[in-house]
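The values are calculated or read from the model by the stated rules, or taken from the named source; none is laboratory data. As the structure is a computational prediction, the values presented were derived from the model and not from experiment. Cβ atoms come from the backbone with ideal geometry, glycine included; neighbour counts cover every protein chain shown.
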Amino acid sequence: MYCETVDLVAKGMTSVTADATGMLITPTNDTLKNILRVKRLRNYSEIGVDSTRMQLVAYSWYAIGYRYPVFETIKSMVLRGDSTTESFSTSFYYPISDLQNLAPDPANDNIKPDKAADITSVFTEAQLMPNPVLTDLTITYKLTRAAKVWFTVHNNTGIGLCQTAPQNLSEGYNSTTVPMGNLITGVYSLYVHVDDMVMRLNVMKK
């Protein structure tokens, strides 16, 4: 119903194809392997109250063990005779750290790669000082091999609030400081990123 007065009927055909696999490097420097891209092509032979034809193409990139895509790109085209006009296009990015904060999903959790086990063999002897933190949180840790490391802080709804710059660090003891003085009192999720692995720790802000 358009404006609760006009009935709109759409007719056409939709095809869904898994058309690509590979590795994806996200804007937050997560390296995701075995990504599956799904293409949805929807052709409307009739839409609305006229004979306008429309084509909607959507690409979604999925990581193993997650219900929702990491990336989505959507493009709409209007077809009139032999001409094609782009109506709109948009893209969305959903960080893995945000997807991990969603409601439990047993079907996908059962096939999710056990990254926590992998990361704890590389990122060891971690200490958060002080915790509770007032201004700056210092993280000391030992790497059992060289790795790219960075940290992100998220609130209880999964929204990212701050991020340290990724660093290529050598094997051995290291430390990183995360400024948290501008955050309100509460419990925050500290995500540890080591190459393509992620683990979550809790930090209390006072």
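Where residues in the range 63-89 are among the β-branched types (Val, Ile, Thr) and closer than 21 Å to residue 25 by Cβ, which of them is modelled with the lowest pLDDT?
In the first step, residues of the range 63-89 are kept if they are among the β-branched types (Val, Ile, Thr); the result is 64, 70, 73-74, 78, 84-85.
Filter again for closer than 21 Å to residue 25 by Cβ, leaving 64, 70, 73.
Details: 64: 82, 70: 92, 73: 95.
If we take residues in the range 63-89 being among the β-branched types (Val, Ile, Thr) and closer than 21 Å to residue 25 by Cβ, then 64 is modelled with the lowest pLDDT.
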Right, residue 56: touching a helix residue (DSSP H, G or I) at 6+ places or on another chain (Cβ under 9 Å) and assigned to a strand (DSSP E or B) or not? no
If residue 33 satisfies all but one of (1) over 26 Å from residue 99 (Cα atoms); (2) touching a residue at least 60 places away in the same chain (Cβ under 8 Å); (3) not polar (S, T, N, Q), what's the number of the condition it fails? (1)
List every residue pair whose Cβ atoms sit under 8 Å apart, with the two residues 6 or more apart in sequence or on different chains, where the first one lies in the range 157-175 and is farther than 22 Å from residue 130 by Cβ and the second, anywhere, is of a type in the set (Lys, Arg) and in a loop (DSSP other than H, G, I, E, B). 171/145
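Just to be sure, is residue 34 in a strand (DSSP E or B) and closer than 29 Å to residue 149 by Cα? Explain how you work it out, then say what you get.
Numbers: in a strand (DSSP E or B): yes; closer than 29 Å to residue 149 by Cα: yes.
Here the answer is yes, as residue 34 does meet what is asked.
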Would the range 173-188 turn up any residue that is closer than 22 Å to residue 25 by Cα and of a type outside the set (D, E, K, R)? no
Would you mind stating whether residue 54 is exposed (fewer than 11 other Cβ atoms within 10 Å of the Cβ), at pLDDT 85 or above and either not assigned by TED's automatic domain parsing to the domain that holds residue 105 or not polar (S, T, N, Q) (or both)? no
Determine, yes or no, whether residue 84 is in contact (Cβ under 8 Å) with a residue 60 or more places away in the chain and either closer than 19 Å to residue 14 by Cα or of a type in the set (Ser, Thr, Tyr) (or both). no
Here the residues within the range 170-206 that are basic (Lys, Arg) and not in a strand (DSSP E or B) are 206
Output the number of residues of the range 176-193 satisfying the condition of being among the polar types (S, T, N, Q), over 10 Å from residue 137 (Cβ atoms) and without any contact (Cβ under 8 Å) to a residue 40 or more places away in the chain. 2
For the range 55-66, pairs from a residue that is farther than 12 Å from residue 32 by Cα to a residue that is in a strand (DSSP E or B) and of a type in the set (S, T, N, Q), with Cβ under 6 Å and 6 or more apart or across chains, are 55/43; 56/76; 59/73
